[in-house]
Amino acid sequence: MQYSFEEHRIVGGNGADDEYWRGLERGVFQLPRCAGCRRWTWPAQFRCGQCGSWEFEWVPLEPNGIIFSWTRSFYAFDRVVERRADLPYVTVVTELPGADGARVIGVLKGDETGLRIGTAVRGTIDPPCEKSKWYPSIRWEIVRAEPG
Ligand SMILES: [Zn+2]
């Protein structure tokens, strides 16, 4: 199966986040910022809740953040059965200081050492695959101190 954004919108989505997925597909992490009041808004919306503007710009940014929250999944729920082989796995809610604290969810990648609220993480974009239901996806990796 091949990923095709135009025929594969997120289930239940209203389309406000289409540019997010298009960006990931190109390897670009971007979030919407209101053109009126400059406030970052995530999850994406069609209208700014702060100033009422309908205009947003999608701004590429470095996926550097800190862990706001995390959870470990031990069960393959109906909508994520493709991840059964990875159980248990950790999902992270990352807060992005560079985007007014917007919070973006993704599966943890790599070593869990240091996993706790406040730990620095960096996002990498994984290409579409069966596990991600053929969506490109941001995954968060714990930032390690450079050796000596
Ligand atoms: Zn606004």
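Show the residue pairs that are 6+ apart or on different chains and have beta-carbon atoms under 8 Å apart, the first residue being within the stretch 89-110 and among the aromatic types (Phe, Trp, Tyr), the second being open to solvent by 10 Å² or more (accessible area, probe 1.4 Å).
The qualifying pairs are TYR89/ARG72; TYR89/SER73; TYR89/ARG83; TYR89/VAL107; TYR89/LEU108.
Would you mention how many residues in the stretch 46-91 are among the hydrophobic types (A, V, I, L, M, F, W, C), over 23 Å from LEU115 (Cα atoms), away from the ligand (no atom under 16 Å from the Cβ) and in a strand (DSSP E or B)?
Of the residues in the stretch 46-91, 0 are among the hydrophobic types (A, V, I, L, M, F, W, C), over 23 Å from LEU115 (Cα atoms), away from the ligand (no atom under 16 Å from the Cβ) and in a strand (DSSP E or B).
Of all residues being more than 16 Å from the ligand (Cβ to nearest atom) and either among the polar types (S, T, N, Q) or more than 14 Å from the chain's Cα centre (by Cα) (or both) in the stretch 15-27, which is modelled with the lowest pLDDT? Just the residue, please. Write out each step before concluding.
Of the residues in the stretch 15-27, the ones more than 16 Å from the ligand (Cβ to nearest atom) are 15, 17-27.
Cutting the leftovers down to either among the polar types (S, T, N, Q) or more than 14 Å from the chain's Cα centre (by Cα) (or both) gives us 15, 26.
Details: GLY15: 86, ARG26: 93.
The extreme case among them is GLY15.
Considering only residues that are at negative phi and open to solvent by less than 40 Å² (accessible area, probe 1.4 Å), which ones fall in the stretch 29-57?
Passing the criteria: PHE29, GLN30, LEU31, PRO32, CYS34, TRP40, THR41, ALA44, CYS48, SER53.
Within the stretch 104-133, count every residue that is of a type in the set (S, T, N, Q) and either on the phi > 0 side of the Ramachandran plot or open to solvent by 40 Å² or more (accessible area, probe 1.4 Å) (or both).
Residues flagged as of a type in the set (S, T, N, Q) and either on the phi > 0 side of the Ramachandran plot or open to solvent by 40 Å² or more (accessible area, probe 1.4 Å) (or both) within the stretch 104-133 amount to 2.
Applying the selection to the stretch 70-88, what residues are loosely packed, with under 14 Cβ neighbours inside 10 Å and charged (D, E, K, R)?
Across the stretch 70-88, the qualifying residues are ARG72, ASP78, ARG79, ARG84, ASP86.
Is one or more of the residues making up the stretch 89-103 more than 17 Å from the chain's Cα centre (by Cα) and surrounded by fewer than 16 Cβ atoms within 10 Å (Cβ to Cβ)?
So the first thing to find is which residues in the stretch 89-103 are more than 17 Å from the chain's Cα centre (by Cα), and the list is none.
Among the residues of the stretch 89-103, not one is more than 17 Å from the chain's Cα centre (by Cα) and surrounded by fewer than 16 Cβ atoms within 10 Å (Cβ to Cβ), which makes the answer no.
I'm told GLY106 meets every condition in (1) within 16 Å of the ligand (Cβ to nearest atom); (2) small (Gly, Ala, Ser); (3) at pLDDT 95 or above except one. Can you identify the failing condition by its number?
Every condition holds for GLY106 apart from (1).
Would you point out which residue out of PRO147, PRO60 is touching a Phe, Trp or Tyr at 6+ places or on another chain (Cβ under 8 Å) and open to solvent by 80 Å² or more (accessible area, probe 1.4 Å)? Even if it seems obvious, please write down each step before you answer.
Numbers: PRO147 fails: touching a Phe, Trp or Tyr at 6+ places or on another chain (Cβ under 8 Å).
Sole residue among the options that is touching a Phe, Trp or Tyr at 6+ places or on another chain (Cβ under 8 Å) and open to solvent by 80 Å² or more (accessible area, probe 1.4 Å): PRO60.
Out of the residues in the stretch 23-82 meeting the condition of being aromatic (Phe, Trp, Tyr) and without any contact (Cβ under 8 Å) to a residue 24 or more places away in the chain, tell me which one is nearest to LYS133 (Cα to Cα).
Per the stated criteria, the residue is PHE77.
What is the one condition in (1) of a type in the set (A, V, I, L, M, F, W, C); (2) more than 14 Å from the chain's Cα centre (by Cα); (3) farther than 14 Å from ILE142 by Cα that ALA120 does not satisfy?
(3)
Can you pull out every residue in the stretch 28-39 that is closer than 23 Å to GLU62 by Cβ and near the ligand (Cβ under 10 Å from one of its atoms)?
The answer is ARG33, CYS34, ALA35, CYS37, ARG38, ARG39.
The values are calculated or read from the model by the stated rules, or taken from the named source; none is laboratory data. What you see is a predicted model, and the numbers here were worked out from it, not measured in a lab. Neighbour counts run over all protein chains shown; Cβ positions are idealised from the backbone, glycine included. Heads up: the accessible areas ignore ligands, DNA and RNA and are worked out on the full protein's heavy atoms, side chains in. Shrake-Rupley method; radii C 1.70, N 1.55, O 1.52, S 1.80 Å.
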